[in-house]
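Encoded as structure tokens, here's the structure I'll be asking about.
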Amino acid sequence: MHIHIRNGRLIDPGSGMDRTGDLYLAEGKIVSIDSRLDGFRDDREIDADGMIVCPGLVDLSARLREPGLEYMATLESELEAAVAGGVTSLACPPDTDPPLDEPGLVEMLKHRARNLDRARVYPVGALTQGLKGERLTEMVELHDAGCVAFSQVDAPLVNPHVLMRAMQYAATFGFKVWLRPQDMYLANRGVAHEGEIATRLGLPAIPVCAETIALASILSLMKETGASVHLCRISSAEGVALVRAAKRQGLSLTCDVSIHHVHLTDMDIGFFDANCHLMPPLRSLPDRNALRAGLMDGTIDAICSDHAPVDEDAKLLPFAQAESGATGLELLLPLTLKWAGENRLALPEALARITSHPAQILGVETGRLAVGAVADLCIFDPDANWIVSNTELRSQGKNTPFLGMELYGRTWFTLIDGRIVYG
């Protein structure tokens, strides 16, 4: 299909392009910018006047709940939510049921996603068999099946020797290990940040040192093994400081933060709002401010939605017993715009955290606007306001701390391979 996108504000964070112009799409690619090629005939014209045309969003953590957890969400519902939010590529963690520790499971997931013809799905394989933290998976076979990296997600990996062997294995073949730093024993089944709020509410707490001690161990093993590591969902000021120092030392390290932690603190738990039960927990205001500063100076490379749809019954339980997680695919763009506005950050720089930077971490070719690039695009109105509600969210999970909030930034069209999949 030949598509002409007319008079939009073209923003390519990777190159710094930010100007009004036209895009011409054919055969799934961007074939020209501004000038119509000889013989190009439109099958469809999109008037993008007053809208932003940017690369499709790339999300580094979106739980799709398949296989095995379809009562929470399905591939159909979550990939529909993805394109409604302008997300064209996403990485899905391996904590499904069963976990993504066998090539056949990975191939089945990718096949299902391809048939649905929505967002591109990049599975992250399990680091250990069954995510039990004991025996390593066959990473080469999982990589050949389509895994882009390997992770324990939130499952504990108690034995540092197993982690060292996993890093050695990954380093041998150039695979990246994705780790969320949290010491299981220090976390001790906590559900909230250790501080005044957890004490007042009587909630079991997770101290910051649960993150920093695990992080120090990961950094030491990186130096020992030469492994390349991506840190998932950093949450504390001390954690940001350790990452900043490690990057200055030249370690092969990248890092992301959840969009929820960019905006919220433990104060938002209020009177036991289970939608604020997240992992890692929402931390203090100084921690949140340090996360924002880390995003501004490049210590934190990317923002992810940390999308985790949960069924309603699991959120109606008391806070400490409720399932952790929040839906986020459809909120990633407007909440990133909100953060950028509050910090007076230029739009191309803000969009880089959800397009070109995560694309580089995933090692995929999307996330850019250039002649010859894959035509994965998001066209959105930055001034369009909407209210976050159950009826507005397409995800099967309606669990979000932002229910009832007015946000700005709405996706009007999402294109993948030059095809309109939303709009």
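Can you tell me the length gained on complete extension of the stretch Arg200 to Met267, counting 0.36 nm per residue apart and subtracting the Cα distance? Mind showing how you got there, number by number?
Numbers: separation 67, 0.36 × 67 = 24.12 nm, distance 1.11 nm.
My answer for the length gained is 23.0 nm.
Next question, about the same structure. Starting from the exponent 0.38 and prefactor 2.2 Å, build the expected Rg for the chain from its residue count and divide its actual Cα Rg by it. Present the calculation step by step, with values, prior to reporting the outcome.
Numbers: Rg = 20.7 Å, N = 423, 2.2 N^0.38 = 21.9 Å.
Cα Rg divided by the expected 2.2 N^0.38 Å: 0.95.
Could I ask something else about it? Taking every DSSP beta bridge that has both residues in the chain, what percent is antiparallel when rounded to the nearest 5?
50 percent
Can you give me the distance in nm between label points at Met17 and Val158, each placed 7 Å from the Cα along the Cα-to-Cβ direction?
5.4 nm
Enumerate lysine pairs in the chain that are 8 or more residues apart or on different chains, then count those whose Cα atoms are under 20 Å apart. Write out the running numbers ahead of the final one.
Details: Lys110/Lys176; Lys132/Lys176; Lys176/Lys223; Lys176/Lys247; Lys223/Lys247; Lys315/Lys398.
Lysine pairs satisfying the spacing and distance rule in the chain number 6.
Another one. Using DSSP to define loop residues, name the trypsin sites (Lys or Arg not before Pro) in the stretch 17-74 whose beta-carbon has at most 12 other beta-carbon atoms within 10 Å. It would help to have the intermediate numbers written out before the result.
On the way: sites: Arg19, Lys29, Arg36, Arg41, Arg44, Arg63, Arg65; in loops: Arg36, Arg41, Arg63, Arg65.
Sparse-neighbourhood loop trypsin sites (Lys or Arg not before Pro): Arg41.
Assuming R0 = 22 Å, what is the FRET efficiency of Lys223 and Met296, from their Cβ-Cβ distance, to the nearest 0.05? Numbers along the way, then the final one.
Values: r = 27 Å, r/R0 = 1.24.
FRET efficiency, Lys223 to Met296: 0.20.
Would you grab the residues whose amide H sits under 5 Å from the one on Ile46? Only those 5+ places off in sequence or on another chain, please, with H modelled 1.01 Å from N.
Placed amide hydrogens put His4, Ile5, Arg6 under 5 Å from Ile46.
Whose amide H sits under 5 Å from the amide H of Val191, counting only residues 5 or more places off or on another chain, with H placed in the peptide plane?
Here the answer is Ala205, Ile206, since their amide H atoms fall under 5 Å of that of Val191.
A further question follows. Helix 209-225 against the longest principal axis of the chain: what's the angle in degrees, Cα atoms only, rounded to the nearest 10?
With both axes taken from Cα atoms, the answer is about 70 degrees.
Sticking with this one: Among His260, His357, His111, which one moves the most in a GNM of the chain with springs linking Cα atoms closer than 10 Å?
Of the options given, His111 has the highest mean-square fluctuation.
Keeping all protein chains in place, calculate the accessible area per residue for the stretch 64-146 (probe 1.4 angstrom), answer in Å². Please report the intermediate quantities before stating the final value.
Working: 3120 Å² over 83 residues.
Value returned for the stretch 64-146: 38 Å² of accessible area per residue.
Next question, about the same structure. Name all residues of the stretch 47-87 having a backbone nitrogen under 16 Å from the label point set 7 Å from the Cα of Asp313 along its Cα→Cβ direction, giving them as ranges.
In the stretch 47-87, the label zone of Asp313 (backbone N under 16 Å from the point 7 Å along Cα→Cβ) covers 69-73.
Using DSSP to define loop residues, name the trypsin sites (Lys or Arg not before Pro) in the stretch 323-381 whose beta-carbon has at most 13 other beta-carbon atoms within 10 Å. Provide the component values of the computation, followed by the final result.
Working: sites: Lys338, Arg344, Arg353, Arg368; in loops: Arg344, Arg353, Arg368.
Those satisfying the criteria are Arg344.
Another question about this same structure. How long is the gain from Glu70 to Arg6 if the chain were fully straight, where each residue apart is worth 0.36 nm and the alpha carbon distance is subtracted? It would help to have the intermediate numbers written out before the result.
On the way: separation 64, 0.36 × 64 = 23.04 nm, distance 4.03 nm.
Contour length minus Cα-Cα distance gives 19.0 nm.
How large is the accessible surface per residue of the stretch 276-398, computed with a 1.4 Å probe and reported in Å² as a whole number? If you can, show how the numbers build up before the last one.
Working: 4220 Å² over 123 residues.
Heavy-atom accessible area per residue stands at 34 Å².
For the chain, which whole percent of the accessible surface, found with a 1.4 angstrom probe, sits on carbon and sulfur atoms? Please list the in-between numbers first.
Working: 7910 of 16330 Å².
Summing carbon and sulfur atoms, their accessible area is 48 percent of the total for the chain.
Then there is this: Specify the angular offset, from 0 to 90 degrees and rounded to the nearest 10, of the alpha carbon long axis of helix 160-173 from the longest principal axis of the alpha carbons in the chain.
Long axis of 160-173 versus the principal axis of the chain: about 30 degrees.
Also, I was wondering about something else. Between Pro334, Phe319, Leu295, whose Cα lies farthest towards the positive end of the dipole of the stretch 238-361 when Lys and Arg beta carbons carry +1 and Asp and Glu beta carbons carry -1, centred on the Cα centre?
Of Pro334, Phe319, Leu295, it is Leu295.
Working from Cα positions, state the angle (0 to 90°, nearest 10) between the long axis of helix 75-84 and the longest principal axis of the chain.
60 degrees
Something else now. Ala384 versus Asn343, label points 7 Å from Cα toward the beta carbon: distance in nm?
The two pseudo-label positions are separated by 2.6 nm.
The values are calculated or read from the model by the stated rules, or taken from the named source; none is laboratory data. All values reported here derive from a predicted model rather than from experimental measurement. FYI the Cβ positions are ideal-geometry reconstructions off the backbone, even for glycines, and counts take in every protein chain you see. For the accessible areas, the whole protein counts, side chains as well, though only heavy atoms, and no ligand, DNA or RNA atoms are used. Shrake-Rupley method; radii C 1.70, N 1.55, O 1.52, S 1.80 Å.
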